[in-house]
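Reading through the structure tokens given below for one structure.
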Amino acid sequence: MSDIIRLLPDSVANQIAAGEVIQRPASAVKELLENAVDAGAGHIELIVKDAGKTLLQVIDNGCGMSATDARMSFERHATSKIKEAADLFRIHTLGFRGEALASIAAIAQVEVKTRRMEDELGTHLVIEGSVVKSQQPCACTAGTSFLIKNLFFNVPARRNFLKSDAAEMRHILEEFQRVALVNPQIAFSCHSNGKVLFQLPAANLKQRIINLMGSGFQEKLIPVNQDSNVVKISGYAGKPESAKKTKGEQYFFANNRFIRHPYLNHAVEDAFSDLLPEGYFPSYFIYLDVDPSKIDINIHPTKTEVNFLDHQVIYSMLRSAVRQAIGKFSFSSTLDFEAEKSFDTYFPKDRPVVAPGIHINPEYNPFVKKQQAELKLTAPLQQQDNTDWEKLYDFARNDHPSDQSGAKSLTIDADFDSEPLSRGFMQFQNKYIVSRVKSGLMIIDQQAAHERVLYERMLEKIEQQKASSQQQLFPQTVNLSAPDAELIRELLEEFSLFGFQIEHFGQNSYIIRGIPADLVDENIQTLIENVLENFKNNQLGLKVDKKINLTRAMARNMAVKPGKVLMPEEMQSLVDDLFSCQVPNVSPSGKTIIVTIQADEIEKRFGN
Ligand code: ADP
Ligand code: MG
């Protein structure tokens, strides 16, 4: 029998390789855009017809190619970017293998026009299914234009597997956005079926994000920065109130290449965890610069997965960078009225925390500077006259005369203001506190509000280890279910931070020798059971810090419940306390605390 092994012809080998590199029109877009970036272009234009199934064109004003290079660029493993194997590990964009153009040419009809600045004439090259159809000198502008027609014309199986135009176009735009987000200094445009989708001037990163994602981002971006010898973190996160119910705008770039990284994503979401309602996802555009030798490179150009050698360190740095950024924003937003007209951030302008140069704990404790923090737990809410909650609203009109935007700033009626003794809180359904504000009616959920107040105070106390304990004259024994007994054993240290002194008392029993000093009238057994129950529920979602989780559970259980009748001065005090919180509008468990009904809405209802 004769030998049966044969070498595949190049065109077949290329087609096979193409299947790996070019899976859909978007993959070709990515390769062409990246090549244009590598060519040093200052302007890149993407033109698409029928989601790239009919035509894709990328035009750049980069370095261009000589006639020989133009021809060479379509050979497999032809690249000007790698000279030896070691280069593979040095390169930053990780995508070079010299395979993209060969792959594209294997499965499409390609036309290139390219000219180097220094040449008088450029080159016009036509390739179809890896076969050069023509190569001629031509007059063209400096730079390169790649035209890809009828992608997969010779691989019908692949072509048939393409999704709808809308779906393929989404993939293309994703690639376009990712490249645009790492190259804000380059102008980009994108046309689809004759319509302009994007026209992005060269800009700084913030402006690029806004141009790409919409002007709604103008006031929503908080800078995130952290430099260390392991990783340099930069970029932006969206303010908590810009969070979405979908995971849409979450971008990580490692050494300027888009990556997916669920583990690091968790670090960011965790940093936001007590600020977002359940089911909401923060937006972010975060750039990680790492020594390329510390990345486990998967050099496959279509893969977006990478591994960092120091991933745990990067995780905690990232989390702390984002927390710090949010913390800084919470403080500075009290000053930045220009940018902050939104409902969510009506902090008082005269709060002591706004003093510039404030110490910010890199481990993010947004509550360090709050004054008058008596841990009251369920003790009756008392009148406090050192805070005047109305003033907290009273910034937009008076302090910011240029506010003509009709933003929903909350200011108090002048006549209302002059009657300090009858501020007129009304309790509704023993559940809500209703009051009049200038812009309409404000309704506060009493339980959610109290939960927020307790949470911030307790967190402050435990962070500063200041919670005090009262010894029990008659220590009480609590009997728990086996799983709860196991859980509390793990949490003894955290419980002690709140002022609990709990000891194991055989089997599933614990003896409570001390309780938080301010805890009154609570059935300890029920309280502990409920707190543990809440703790477990909180843990089902994102993994949160044990201390924070426990604080949340405690706050939830100690907050006044619906059905509790509140005296006017109790309502007053609760509202005052609420507005001295860092985040007065969302409870730690993500519930809305405040709803306002605008005056014009009421007018409308009456047909006035
Ligand atoms: P790689 O980008 O990995 O080097 P490609 O197949 O994408 O491989 O491109 C091959 C070569 O063609 C590049 O190394 C580059 O020298 C040249 N090239 C591709 N696109 C352009 C362009 N738009 N402008 C100038 N040169 C280009
Ligand atoms: Mg390339």
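The values are calculated or read from the model by the stated rules, or taken from the named source; none is laboratory data. Keep in mind it's a predicted model, so treat the numbers as computed, not measured. When we count neighbours, we look across all protein chains shown, and the Cβ atoms used for this are built from the backbone with ideal geometry, even at glycine. When the accessible area is computed, the model is the full protein with side chains, heavy atoms only, and any ligands, DNA or RNA have been set aside. Shrake-Rupley method; radii C 1.70, N 1.55, O 1.52, S 1.80 Å.
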Problem - Cα-based Rg and Dmax for segment 10-202, where Dmax is the largest Cα-Cα distance (Å) - result: 15.7, 44
Practice task
Might you tell me the accessible area per residue for segment 441-594, computed with a 1.4 Å probe and given in Å²?
Solution key: 40 Å²
Practice task
Return the tail of the calculated pair distribution for segment 441-594, meaning the percent of Cα-Cα pairs more than 25 Å apart.
Solution key: 31 percent
Fill in the blank from the handout: Taking protein heavy atoms only, a 1.4 Å probe, and rounding to whole percent, the accessible area of segment 205-258 owed to carbon and sulfur comes out at 43 percent
Completion exercise
Relative to the compact-globule estimate 2.2 N^0.38 Å (N residues), the Cα gyration radius of segment 214-328 stands at a ratio of 1.03
Exercise for the section: Leaving out ligands and nucleic acids, note down the accessible area per residue over segment 1-46 with a 1.4 angstrom probe, in whole Å². Expected result: 54 Å²
Practice task
Round to the nearest 10 and report in Å² the accessible area of Cys190, as given by a 1.4 Å probe over the protein chains' heavy atoms.
Solution key: 0 Å²
Exercise for the section: Give me the accessible area per residue for segment 214-328, probe 1.4 Å, as a whole number in Å². Expected result: 40 Å²
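Among the listed pairs Lys245/Lys328; Lys49/Lys163; Lys328/Lys438; Lys49/Lys195; Lys461/Lys561; Lys206/Lys239, which have their C-alpha atoms separated by more than 18 angstrom in this model?
Numbers: Lys245/Lys328 25 Å; Lys49/Lys163 15 Å; Lys328/Lys438 30 Å; Lys49/Lys195 10 Å; Lys461/Lys561 23 Å; Lys206/Lys239 14 Å.
Where the Cα-Cα span goes over 18 Å, the pairs concerned are Lys245/Lys328; Lys328/Lys438; Lys461/Lys561.
Can you list the equivalent-ellipsoid semi-axes of segment 11-71, largest first and in whole Å, using the square root of 5 times each Cα gyration tensor eigenvalue?
Working: eigenvalues 90, 58, 20 Å².
They are 21, 17, 10 Å, listed largest first.
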Fill in the blank from the handout: Counting only protein heavy atoms and leaving out ligands, DNA and RNA, the solvent-accessible surface of His171 at a 1.4 Å probe, in Å² to the nearest 10, equals 60 Å²
Handout entry: Extended-chain gain in nm, criterion 0.36 nm per residue less alpha-carbon gap, Tyr263 and Val230
Key = 10.2 nm
Handout entry: Using a Förster distance of 22 Å, the FRET efficiency for Asp119-Ala203 (Cβ separation, nearest 0.05)
Key = 0.10
Practice task
Can you figure out the FRET efficiency of Glu603 with Asn154, using R₀ = 51 Å and their beta-carbon distance, to the nearest 0.05?
Solution key: 0.15
Exercise for the section: At a 1.4 Å probe radius, which order do Glu111, Glu494 fall into by accessible area, largest first? Expected result: Glu111, Glu494
Exercise for the section: Pop a pseudo-label 7 angstrom from the Cα along the beta-carbon direction at both Glu503 and Ala166 and give the gap in nm to one decimal. Expected result: 6.8 nm
Handout entry: Table column - 3J(HN,Hα) (Hz), segment 308-315, Karplus curve with 6.51, -1.76, 1.60, x for Gly and Pro
Key = 9, 4, 9, 4, 5, 5, 4, 4
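For segment 10-202, with all protein chains present and a 1.4 Å probe, just round the carbon and sulfur fraction of the accessible area to a whole percent. List each step's numbers first, then the result.
Numbers: 4650 of 8720 Å².
Looking at segment 10-202 in its full context, I get 53 percent from C and S.
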Completion exercise
Amide H proximity to Ala203 below 5 Å, modelled H, separation 5+ or other chain, gives Gln185, Ile186
Fill in the blank from the handout: At the level of C-alpha centres, the distance separating segment 237-309 and segment 533-594, in angstrom, is 29 Å
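At a Förster radius of 60 Å, what calculated FRET efficiency corresponds to the Cβ-Cβ distance of Lys466 and Asn193, to the nearest 0.05? All intermediate terms of the calculation are to be shown ahead of the outcome.
Numbers: r = 64 Å, r/R0 = 1.07.
For R0 = 60 Å, the calculated efficiency reads 0.40.
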Practice task
Would you mind working out the magnitude of the charge dipole of segment 441-594 relative to its Cα centre, with +1 at each Lys and Arg C-beta and -1 at each Asp and Glu C-beta, to the nearest 20 Debye?
Solution key: 260 debye
Exercise for the section: Quote the accessible area belonging to Ser2 in square angstrom, nearest 10, computed with a 1.4 Å probe and with ligands, DNA and RNA left uncounted. Expected result: 90 Å²
